[in-house]
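Here the structure is laid out as structure tokens; the discussion comes afterwards.
The values are calculated or read from the model by the stated rules, or taken from the named source; none is laboratory data. Quantities reported herein were computed from a predicted structural model and do not represent experimental measurements. With ideal geometry, Cβ positions are generated from the backbone for all residues, glycine too; neighbour counts draw on all protein chains shown.
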Amino acid sequence: MTLEVMVGNKAAATAAKLSRVQVAVAFPVTPQTTIVEYLNEFITSGEMDCEFINVEGELTAQVVVQTASRVGARTFCCTSGPGCLYMHHPMHDTSSLRLPVVMAVVHRGNKGMQPDHTDLMSHIMTGWMQWYAENNQEVLDTIVMAYRVAEDMRVRIPVAVGYDGYILSYTAEPVDVPEQEEVDDFLPPYKPKPSIMPEDLDLRRLRWWRTPWEEHHKAIVEAKEVIKEVNEEFAKRFGRGYGNGLVEEYRCEDAEAVVVAMGTIASTARDAIDRLRAEGKPIGLVKLKCLVPFPYEEFQRIGSEVDAVGMIDRNVCLGVGGVAYTLIRSAVYDLEERPRVLGFHAGLAGKEVKVSDVERMAEKTLKAARGERVSPLVEWI
Amino acid sequence: MTASRLIAEAVAQEGRYAQAIPMYGTERRGAPVTAYVRIDGRPVRRRDLVHEPDIVIVIDPILSGKPSVAAGLKSGGLLLLNLPKPPEEVEIGGDFLISTVDATTIALETLRRPITNTAILGAFSKVTGIAKLESLKEAILHRFPGEIGERNVEALRRAYKEVYPPKPAKGPLRPGEEEPPHVTGYGVLKSVADWRVFKPVVDLDRCISCRFCWIYCPETAISLVDEKPVIDYDKCKGCGICVHECPVKAIELMRETL
Ligand code: SF4
Ligand code: SF4
């Protein structure tokens with residue numbers, strides 16, 4: 001392992017290289033652009049044996065990556081904001097065809113250049129798994145793990161790995177880059193299924209290729225077990241795990257309340273939690289890493305252990321509310337003793353989220369846990 | 001930006017953690033940008049920007065004279081400026097130290113271009129000791145192999161030798177008594193006026209009210225009053241597109257005065 005100072009986009013490109021991606025397809029869009037540049041540097045220098053296919057837009061990018069995956073190549077795609085939205089329709093096909101495409105989504109919100117999670121969350125119904133990373137190390141590790149999970153015969157579902165544009169894409173920090181052999185041992189070559197060679201192809205079975213809704217839904221839900229397994233194995237081999245692969249609990253022991261955060265806000269929240277714990281306040285952090293499939297069981301357990309949960313959403317489903325807030329409330333509904341669930345919309349359109357902001361949200365959640373009146377229940381930071 | 005990454009790479013070689021955060025916006029090439037660096041013995045986790053720095057480094061010689069660059073600087077902190085005069089002659093004052101180096105001259109003599117971000121690092125190394133000269137040299141050579149790298153190392157070494165040691169800031173001008181400098185960022189900018197080297201000025205008599213400048217200005221800095229263009233200079237970044245588009249050459253670029 002070597003420690004290299006790199007930006008988030010280089011970590012993503014390096015993960016694709018280490019995963020021995022054979023076909024990469026992308027259309028450049030800020031703040032994803034430099035992933036495309038790094039990939040092409042790796043390819044021209046001979047470090048990476050990969051076909052990079054230039055396309056005229058993201059819709060084509062998704063169709064080409066899908067086709068390459070179908071004919072047996074390990075594939076990588078990357079996008080941001082408007083580009084991510086532009087590929088919506090073929091994303092449904094990629095997942096319905098059960099193709100293990102892995103795509104980095106460098107968040108750029110839907111109202112301008114600045115980052116929030118609305119780009120990827122707009123795809124919540126496409127049948128892609130959605131994972132969110134909080135630092136450049138996690139970007140690299142998560143993409144490598146994504147191939148293992150996506151290509152597992154029990155899963156075969158594409159994965160989008162989201163990380164905040166600018167805040168990570170262009171921020172440089174040390175990343176532990178694993179050796180190629182270690183990654184090779186962890187990630188065996190991709191085997192397409194079914195074969196599309198004429199001698200194997202049974203045209204009558206083509207219907208199978210479009211997974212029916214119920215089966216498709218169950219396949220994604222069942223992927224949770226595989227995600228946990230792969231995360232555990234990754235942790236054993238590389239010495240870095242991410243909670244149970246779905247959620248990561250930080251200083252939650254004896255907590256009366258927890259705040260839940262995703263992506264870089266979770267990273268900032270760690271410092272806020274340390275400060276509050278130093279003051280003796282019993283509050284912890286839950287990092288929501290995997291939004292789809294949603295970890296209902298984990299939130300039921302956490303919900304039964306604390307008296308209040310404060311969800312910080314870097315998104316809003318307009319007219320509905322915070323995506324994760326809504327899901328967490330739904331998860332704890334069946335509990336005999338439900339915690340109070342507070343919502344916060346923070347960091348939308350790239351608005352800076354400071355350590356002190358998280359402290360304030362956490363303290364409000366702790367107040368709610370102690371039965372004090374808090375209002376409003378959902379707050380815009 | 002390059003300077004912030006080089007610092008991060010240098011301290012990482014010395015076994016510490018660093019985070020180098022550049023700020024991006026709708027830039028214009030050559031416009032000053034802000035970058036932040038956090039250095040710690042353990043991984044840096046917070047992802048907000050640095051509002052109360054221990055050290056402020058100003059690479060741009062024009063901004064170096066503005067007291068607002070020290071806004072937020074911690075008491076007892078250090079302000080390192082690219083200026084061709086000793087700290088005693090700097091007009092800025094406050095509860096901090098000032099150190100200066102003529103990075104522009106050093107860059108012109110070593111790189112033959114006014115690119116000052118490696119020179120300033122030599123001064124940074126000397127006055128703070130946070131990154132060793134040797135590790136900065138390694139970081140530079142890794143990034144710029146060959147002759148360019150060697151010349152940058154030369155700039156680094158010269159600034160290390162020529163920097164004026166820190167002195168208490170005793171000048172009459174205090175930070176906070178004027179608007180903070182407007183450098184690019186991904187938040188909302190109040191003004192991009194500081195980016196301008198040239199300023200577009202409209203000759204209203206010549207203008208035929210064709211509205212070309214109004215439609216082409218990428219910053220929507222131009223509005224029409226009685227069918228004539230009025231430029232909001234807080235929004236104008238001095239790109240010169242309006243000048244280029246005007247069919248009757250009614251807009252001229254004038255050099256900004258300091
Ligand atoms: S120079 Fe002209 S086109 Fe450019 S920002 Fe200023 S007013 Fe707009
Ligand atoms: S482009 Fe020139 S002529 Fe046309 S409105 Fe602008 S200043 Fe007037």
Q: Kindly provide the set of residues from region A:164-190 that are in contact (Cβ under 8 Å) with a residue 12 or more places away in the chain and away from chain B (no Cβ under 14 Å), ordered by number.
A: A:Pro178, A:Glu179, A:Gln180, A:Glu182, A:Val183, A:Asp184, A:Asp185, A:Phe186, A:Leu187, A:Pro189, A:Tyr190
(Q) Just to confirm my filter: which strands (runs of 3 or more DSSP E) fall fully inside region B:10-80 and include at least 3 residues that are over 12 Å from the mean Cα position of the chain (by Cα) and at pLDDT 85 or above? (A) B:17-22, B:35-40
Q: Being in a helix (DSSP H, G or I) and within 11 Å of chain B (Cβ to nearest Cβ) is the filter; apply it to region A:321-363 and report the residue that is farthest from A:Met262 (Cα to Cα).
A: A:Ser356
Q. Has region B:214-221 got any residue that is more than 13 Å from ligand 1 (Cβ to nearest atom) and more than 14 Å from chain A (Cβ to nearest Cβ)?
A. no
(Q) I'd like to know if region A:32-47 contains one or more residues that are surrounded by fewer than 21 Cβ atoms within 10 Å (Cβ to Cβ) and touching a His at 6+ places or on another chain (Cβ under 9 Å). (A) no
Q. Using beta carbons and a limit of 7 Å, which pairs, at least six apart or on different chains, have the first residue in region B:215-244 and more than 13 Å from B:Trp195 (Cβ to Cβ) and the second one within 13 Å of ligand 2 (Cβ to nearest atom) and among the acidic types (Asp, Glu)?
A. B:Tyr216/B:Glu245; B:Val243/B:Glu252
(Q) Within region B:234-255, take every residue that is more than 8 Å from ligand 1 (Cβ to nearest atom) and within 22 Å of B:Pro32 (Cα to Cα) and give me the one that is nearest to the other protein chains (Cβ to nearest Cβ). (A) B:Asp234
Q: Can you tell me which residue among A:Pro174, A:Pro115 is outside any loop (DSSP other than H, G, I, E, B) and either in the same structural domain as A:Asp185 (by TED's automatic domain parsing) or of a type in the set (Ser, Thr, Tyr) (or both)?
A: A:Pro174
(Q) Going through A:Thr94, A:Thr75, A:Thr126, A:Thr79 one at a time, which residue ends up being in the same structural domain as A:Asp164 (by TED's automatic domain parsing), closer than 21 Å to A:Arg314 by Cβ and buried (at least 24 other Cβ atoms within 10 Å of the Cβ)? (A) A:Thr79
Q: Filter region A:245-271 for residues that are surrounded by fewer than 24 Cβ atoms within 10 Å (Cβ to Cβ), over 15 Å from the mean Cα position of the chain (by Cα) and free of Cβ contacts under 8 Å to residues at least 60 places away in the same chain and give the result.
A: A:Glu249, A:Tyr250, A:Arg251, A:Cys252, A:Glu253, A:Asp254, A:Arg270
Q.
Taking the criterion of being assigned to a loop (DSSP other than H, G, I, E, B), hydroxyl-bearing (Ser, Thr, Tyr) and assigned by TED's automatic domain parsing to the domain that holds A:Val226, would at least one residue in region A:42-55 satisfy it?
A. yes
Q.
So, in region B:195-221, how many residues would count as being under 15 Å from B:Cys236 (Cβ atoms), touching a helix residue (DSSP H, G or I) at 6+ places or on another chain (Cβ under 6 Å), among the hydrophobic types (A, V, I, L, M, F, W, C) and modelled with pLDDT of 95 or more?
A. 1
Q: Tell me which residues, restricted to region A:139-171, are over 18 Å from A:Trp128 (Cβ atoms), touching a strand residue (DSSP E or B) at 6+ places or on another chain (Cβ under 7 Å) and not in a helix (DSSP H, G or I).
A: A:Asp164, A:Gly165, A:Ser169, A:Tyr170, A:Thr171
Q: Among what's in region B:215-249 and is within 7 Å of ligand 2 (Cβ to nearest atom) and buried (at least 20 other Cβ atoms within 10 Å of the Cβ), pick the residue that is nearest to the chain's Cα centre (by Cα).
A: B:Cys242
(Q) Just to check your reading of the model, which residue among B:Ile106, B:Ile148 is part of a helix (DSSP H, G or I) and surrounded by 20 or more Cβ atoms within 10 Å (Cβ to Cβ)? (A) B:Ile106
Q) Out of all the residues in region A:70-88, which are in a helix (DSSP H, G or I) and modelled with pLDDT under 95? A) A:Arg70
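For every residue, the table says whether it meets (1) modelled with pLDDT of 95 or more; (2) within 29 Å of A:Tyr163 (Cβ to Cβ).
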| residue | (1), (2) |
| --- | --- |
| A:Gly350 | no, yes |
| A:Ala368 | yes, no |
| A:Glu372 | yes, no |
| A:Ser375 | no, no |
| A:Glu379 | yes, yes |
Q: Please give the number of the condition A:Thr30 fails out of (1) within 14 Å of chain B (Cβ to nearest Cβ); (2) in a strand (DSSP E or B); (3) β-branched (Val, Ile, Thr).
A: (2)
Q) Does A:Trp209 meet the test of being under 11 Å from A:Ser96 (Cα atoms) and modelled with pLDDT under 85? A) yes
Q.
Among the residues in region B:40-49, are any without any contact (Cβ under 8 Å) to a residue 12 or more places away in the chain, over 15 Å from A:Ala172 (Cα atoms) and within 14 Å of chain A (Cβ to nearest Cβ)?
A. no
